[in-house]
Each structure stands twice: as structure tokens, then as C-alpha cells.
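Trainee: Sharing a structure below in C-alpha cells format, with a few things to ask.
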Amino acid sequence: MQKEGVRGFFKGNLSAEYLYLTYGATQFLVFGTVESWLERNGGLPKQARSFVGGALAGAVATSTTYPFDLLRTRFIAQQLSSRVNTSILGALRHIHHEEGLRGFYRGLWPACLQIMPYMGIVFTSYDTLASAYRWARTKSNSRLLRIIDPVQDAVVGASAAVIGKTCVYPLDLVRKRLQIQGPHLTSYAFGGVPKYNGMVDALKYIVRHEGFPALFRGLTPALIKAAPASASVFFVFGHTRDMLLSARP
């Protein structure tokens, strides 16, 4: 706020919106398709289908929308006083010219390694917590459960996101640090980030020079963001699904 003003809170917002719209649509489409196929052909229990479906959905959605994720990170990392990129189209041209097609996918490997278990854990946790809530609802009619009823999807979705994000956060940290690698590394606000030779090198460097707790640096704001975002997604998805199903003849 002191250095960049209110605008600093919204850096990368446009590319983030493109990312969330395309990522969410792809994720739920792939998850529904995979889970339905496994239900018909796999013979797996519900939680296993949720984990596999979530992991594959996360991998496909991440790979498809990754350039938007990279742009968001770079817009956030740059300082408003010395911007490397000023627009999405300009950033696309700039990255393609200086780094080639591979430049759009810096950090994709740790991103997939992070998102596959993350989404698998989120969807599995969601199904498990939702089942536990329904069981508790049959055993009790407490005031607290009655309050939660209208927003059950949101509460369960937020809880699932907290569990998943905490489990895989070190890989998320490495992904972001790898995304700003490139010819303009020193121009970003993360000034002290060194040059890494891939995911394993980044993990080793962080543990060796910053200590193991550094792998979870920034976890609290990440959870503050992930919980309401996941709550909103599952709440809207659940109610939209129920509305469409009730409208079917």
C-alpha cells in the first residue's frame, strides 16, 4: 500500500480472471467425464474416483491454461515503477520474442506435480467431508448444522481447499519462483530470487539457504485466498448443478 497504492492489490487481476474462467470450466468438465467413466468401467470406490478424477482434471486444466498463470505471476512480481510488461498482449509478444514458446511454460512440471495431488486431495476431501456432514445431519438436528445447511457446499469446499493447499504448498512456492525466471529476473519485485536449474534445484536451494520452514513461506495468505475461492466455486457449482438437474424433464 505504501509503495504502490491501491493499484498494487490488483496487479495481474485481468490475466487471473482469464485463468479462473478457463481453468474452472476445464476442471469440472474433465472431472465429471473421468469420474463418470471410472464409475462405469473402473469399479473403484467413490473416494478413489474423486482422487483420480481430481488429479487428471487438475493436470489437464493446468496445462491448458498455464500461460495465463505465468502472466499473472509476472504481473504481480513486477514493480509498478519499473514494469517489464504493461498489457497482456504486450507480455505475450515480449515472452514469445525473448523466450520462445517454452517461456510460456516455465514451471509447468512442478505446477502439474503440485496440482494433481492438490485437486485429488480437494475433491476427495470434499466428498469425504460432505458424506460426514450428511451422516451427522441424520444423527443430529442441532442449531449449528441447521445454520450450515444452506451453505454446506461452501463450508465443505473451503475446508477441502485448506487441507489440499497445506499438503502441497512447497511445490506451489517453487512454481511461482520458477515462473519469474528468465532474462528479466532481476527486474521483478522478488529481487532476491536466485536463478534455479529446475524444480529439484529450487527445492534444494530453498532448504539449504533459507531453511525448511521457508518452503511454507506465504502459506497463511495462500489459505486466506484459497478457502473463500474454493467455497465460492463449490457453492456456485453445487447450486447450478442442482438447478439444472431439477429443470430436466
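Any read-out appearing in this document is the output of simple, stated calculations on the displayed coordinates, not a laboratory observation. No experiment lies behind these values; they were computed from the predicted model shown. Here the Cβ is made from the backbone with ideal geometry for all residues, glycine too, and neighbour counts use every protein chain on show.
Trainee: Ordered by residue, what ³J(HN,Hα) values in Hz, to whole numbers, does region 230-237 give under the Karplus form 6.51 cos²θ - 1.76 cosθ + 1.60, where θ = phi - 60° and Gly and Pro are x?
Mentor: 5, 4, 5, 4, 5, 5, 5, 4
Trainee: Ordered by residue, what ³J(HN,Hα) values in Hz, to whole numbers, does region 106-122 give under the Karplus form 6.51 cos²θ - 1.76 cosθ + 1.60, where θ = phi - 60° and Gly and Pro are x?
Mentor: Result, rounded to whole Hz: 4, x, 5, 4, x, 5, 5, 4, 7, 6, 5, x, 4, 5, x, 5, 4.
Trainee: Follow-up. Of the listed peptides 221-234, 33-46, 131-144, 195-208, what is their order by residue-averaged count of other C-beta atoms within 10 Å, with the highest listed first? Don't skip to the end; give the middle numbers.
Mentor: Details: 221-234: 16.7, 33-46: 13.4, 131-144: 10.7, 195-208: 15.1.
Peptide ranking by packing, descending: 221-234, 195-208, 33-46, 131-144.
Trainee: Between GLU39 and ILE224, how many nm apart are label points set 7 Å from Cα along the C-beta direction?
Mentor: 3.9
Trainee: Apply the Karplus curve 6.51 cos²θ - 1.76 cosθ + 1.60, θ = phi - 60°, to the phi angles in region 209-225 and return the couplings in whole Hz, x for Gly and Pro.
Mentor: 3J(HN,Hα) across region 209-225, in whole Hz: 9, 10, x, 4, x, 5, 5, 10, 5, x, 5, 4, x, 5, 5, 4, 7.
Trainee: What order, most packed first, do the peptides 63-73, 92-102 have when packing is the mean number of other Cβ atoms within 10 Å of each residue?
Mentor: Values: 63-73: 21.3, 92-102: 13.2.
So the peptides 63-73, 92-102, ranked by packing, come out 63-73, 92-102.
Trainee: Now for a different question. May I ask which residue of ALA136, GLY164, PRO150 lies farthest towards the positive end of the charge dipole of region 125-174, with charges of +1 (Lys, Arg) and -1 (Asp, Glu) on Cβ and the Cα centre as origin?
Mentor: The residue sitting most towards the positive pole is ALA136.
Trainee: Once fully extended, how much extra length lies between SER131 and LEU92, figured as 0.36 nm per residue of separation less the alpha-carbon to alpha-carbon distance? All intermediate terms of the calculation are to be shown ahead of the outcome.
Mentor: Numbers: separation 39, 0.36 × 39 = 14.04 nm, distance 4.43 nm.
Residue separation times 0.36 nm, minus the Cα-Cα distance, leaves 9.6 nm.
Trainee: May I ask you to compute the full-extension gain from LYS195 to LEU145, defined as 0.36 nm times their residue separation minus their alpha-carbon distance, rounded to one decimal in nm? Write down the numbers at each step before the final one.
Mentor: Details: separation 50, 0.36 × 50 = 18.00 nm, distance 5.05 nm.
Computed gain between LYS195 and LEU145 is 12.9 nm.
Trainee: Going Cα to Cα from LYS176, which aspartates and glutamates come in below 13 Å? Please leave out same-chain ones fewer than 8 positions away.
Mentor: Cα-Cα hits under 13 Å: ASP69.
Trainee: Could you give the length gained by full extension between TYR20 and PHE216, i.e. 0.36 nm per residue of separation minus their alpha carbon distance, to one decimal place? Numbers along the way, then the final one.
Mentor: Numbers: separation 196, 0.36 × 196 = 70.56 nm, distance 2.36 nm.
In short, 68.2 nm is gained.
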